[in-house]
1. Once amide H atoms are placed 1.01 Å from N in the peptide plane, what residues at a sequence separation of 5 or more from TYR215, or on another chain, have their amide H within under 5 Å of its amide H?
2. Give the order of ARG95, ARG237 when sorted by the count of other beta carbons within 10 angstrom, beginning with the fewest.
3. At a 10 Å Cβ-Cβ cut-off, how would you order LEU231, LEU150, LEU195, fewest neighbours first?
4. Under 5 Å between amide hydrogens, which residues at least 5 positions from GLU79 or on another chain qualify, with H placed 1.01 Å from N in the peptide plane?
5. Amide H to amide H, which residues 5 or more places from THR124 or on other chains are under 5 Å from it, using H placed in the peptide plane?
6. Give a residue-ordered list of calculated ³J(HN,Hα) values for segment 114-126 (Karplus: 6.51 cos²θ - 1.76 cosθ + 1.60, θ = phi - 60°; whole Hz; x for Gly, Pro).
7. Stokes-Einstein at 4 °C, 1.567 mPa s, Kirkwood radius from Cα pairs: D for segment 177-237 in µm² s⁻¹?
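Throughout, read-outs are computed from the coordinates displayed, never taken from laboratory work. Remember, it's a predicted structure, so these values are computed and weren't measured experimentally. Don't worry about glycine lacking a Cβ; one is built from the backbone with ideal geometry, like all the others, and counts go over all protein chains shown.
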Amino acid sequence: MTMFHRAFPAFMGLALLATSFAPVLAGDVMSGADTCYAAAFPREDGPIKELTVIYRKREDITAGVGIDIQYTEWDVPNEVFGVGAGCERSGRGLRCSIECDGGSLTLALADDGRLLLETRYIVTDASGEGTLLALKEESDGGELVGLFSLAPRGKDTACQAQMTETFVALQAGDIANRVKDVEQRLNTLGQLLELPDEVFDETTKKAVTQFQRQYRLPATGIVDEQTSRLLAALVRRGAGGGC
């Protein structure tokens, strides 16, 4: 897990955060509902590259307000970390909690429109196609701890942190979740026809080579960027001769 402390220790609280970030807090945090808030951080400040937050009124749950947080890290391409939580009013701000992990966060607005966010041991999930991690369990993610000041980015309803994309080729001997994705696509196209797993063995190499020959790519048996993109495109279009 990645733990990130931004600017202040987590125990200081929003009262001290308000005095550190002049001007003072505004009257009603809900005036910023449905607004995307974002902040970008230089590499020297820590691992987080970009952080986005949006909170909305929810009509279908008792919590009343839901929040979504996303962030990316400087040295972790192809991954976006995120978490959602239910929130309740707490004075002029919001207090949110995540039941399964026990983390909590607090929100307030400054009168210049910035969102002030305090997170206490928020466990986040990781998502992203083509992770570079060798093997990634479903529960892998990060831990977000700290105090943050974010600026409004407007009515961006998606409010997503921008993932940095980097491609790394796959070849015989590799063991990674991405190998399983490739084998599943090859199966869909009728090239592999065995149970997909995370091991790039000789059977996988043979299937990749056959695929490359069929579509007139260099028959290297290596899943380079051109091969990977064609595999994904053909599967999306439903091409191939598989059963």
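1. none
2. Exposure proxy ranking, most exposed first: ARG237, ARG95.
3. Arranged by neighbour count, lowest to highest, LEU231, LEU150, LEU195 become LEU195, LEU150, LEU231.
4. Long-range HN contacts for GLU79: THR164.
5. Under 5 Å from the amide H of THR124: GLY142, GLU143, LEU144.
6. 6, 9, 9, 10, 10, 10, 10, 6, 7, 7, 10, 9, 10
7. Roughly 116 µm²/s, to the nearest whole number.
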